[in-house]
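Since the structure comes first, as structure tokens, the remarks are kept for the end.
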Amino acid sequence: MVETFKQAIKYGIVGVSNTVITAVVIWIMMKGLGASDIFSNITGYVAGVLNSFIWNKQWTFQSSAGWAGSALRFGIVFGICYLLQLGLLMYLNATLTIDPYYNQLIAMAFYTVINFIMNKFYTFKG
């Protein structure tokens, strides 16, 4: 239980760093290099996802699983978690009368928890 708590804290730190890296790369691409919004967004998210994969594999979960298999599982988990949170968001928007932005926050929190669990027990197991 203590180990899982430590991993959750590390996962949160990695998540914050992903957000910062993504935002900085997007800003540099757009403002520094004059790249388009779309290309800047794609580049920023790729940088954030790579950061997430490397730091979570090496630091958060200290996984000895192979890089290629872990990367494939990481991508699958990302896709599943994204679709689950999108489904939850659509459900919340259809059923709750609160500001839809709050539904986004609820769905993001759901994504974070499910993604942590799937990465811990599937992506980086081994």
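Could you list all residues from region 79-126 that are among the polar types (S, T, N, Q), farther than 20 Å from ILE13 by Cα and more than 12 Å from the chain's Cα centre (by Cα)? Within region 79-126, ASN93, THR95, THR97, ASN103, GLN104 qualify. For region 9-46, residues that are surrounded by fewer than 16 Cβ atoms within 10 Å (Cβ to Cβ) and among the hydrophobic types (A, V, I, L, M, F, W, C) total 13. Would you please name the residue that is surrounded by the fewest Cβ atoms within 10 Å (Cβ to Cβ), looking only at residues in region 50-72 that are modelled with pLDDT of 95 or more and in contact with a Phe, Trp or Tyr (Cβ under 7 Å, 6 or more places away or on another chain)? By that ranking, first place goes to ALA71.
Residue selection: ILE42 fails the criterion of being farther than 21 Å from THR22 by Cβ, out of contact with any Ser or Thr (no Cβ under 6 Å at 6 or more places or on another chain) and of a type in the set (A, V, I, L, M, F, W, C).
The values are calculated or read from the model by the stated rules, or taken from the named source; none is laboratory data. Predicted model only: the values in this text are computed from it and were never measured. FYI the Cβ positions are ideal-geometry reconstructions off the backbone, even for glycines, and counts take in every protein chain you see.
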